[in-house]
Amino acid sequence: QVQLVESGGGLVQAGGSLRLSCDASGRTFSPYAMGWFRQAPGKEREFQASISGGLTYYADSVKGRFTISRDNAKNTVYLQMNYLKPEDTAVYYCALGRGYDVTTPQRVEYWGKGTLVTVSS
């Protein structure tokens, strides 16, 4: 079994920064991809960033602003979010894939419970 626990969400003004953390426990299958999704009220859960085999992928809306990183020794994944915009407001979910691609919800094997990020004007 795998458990994913997100932290680091909160309220921040536009232009500010936050760093989200995802602590994983259990059988995490370290070579598999991990990533971040977000879901705003009334919208679908949307891919944000992933990391696998040293490669990173980002949604177009966050390229140049967000950075995903992974500490395999700690089983922790981070999402550094800079230049935040009000449209970034959402619940952010950590995800562990069932393979080397976790860019869609259907590729996700385990989800965290989410952490809320609110960006004010």
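The values are calculated or read from the model by the stated rules, or taken from the named source; none is laboratory data. Keep in mind it's a predicted model, so treat the numbers as computed, not measured. Neighbour counts are summed over all protein chains in view; Cβ atoms, including those assigned to glycine, are modelled from backbone coordinates with ideal geometry. The protein model used for the area step is the full one, side chains on, heavy atoms only, and it has no ligands, DNA or RNA in it. Shrake-Rupley method; radii C 1.70, N 1.55, O 1.52, S 1.80 Å.
Skip the ligands, DNA and RNA, and give the accessible area per residue of the chain with a 1.4 Å probe, whole Å².
54 Å²
Ignoring lysines fewer than eight residues from residue 74 along the same chain, the ones with Cα atoms less than 22 angstrom from its Cα are 113.
Using DSSP to define loop residues, name the trypsin sites (Lys or Arg not before Pro) in the range 1-101 whose beta-carbon has at most 12 other beta-carbon atoms within 10 Å.
27, 43, 63, 74
The overall shape of the range 7-48, judged from the alpha-carbon gyration tensor, is oblate: a/c is not under 1.5, and a/b is no greater than b/c.
Between residue 2 and residue 74, the contour length at 0.36 nm per residue exceeds the Cα-Cα span by 24.5 nm. Cross-link reach is defined here as a Cα-Cα straight distance under 18 Å, omitting same-chain residues fewer than 8 places apart; for residue 43 the aspartates and glutamates meeting it are 60, 87, 88.
Ligands, DNA and RNA left out, the accessible area of the chain computed with a 1.4 Å probe is 48% carbon and sulfur.
So which chymotrypsin sites (Phe, Trp or Tyr not before Pro) in the range 54-121 end up in coil per DSSP with only 14 or fewer other C-beta atoms within 10 Å?
83, 100
Pairwise over distinct Cα atoms, reciprocal of the mean inverse distance: report the Kirkwood radius of the chain in Å, one decimal place. Intermediate values should be presented prior to the final figure.
Details: mean 1/r = 0.0713 Å⁻¹.
So the Kirkwood estimate lands at 14.0 Å.
Placing R0 at 25 angstrom, the Cβ-Cβ distance between residue 120 and residue 44 gives a FRET efficiency of 0.60 after rounding to 0.05.
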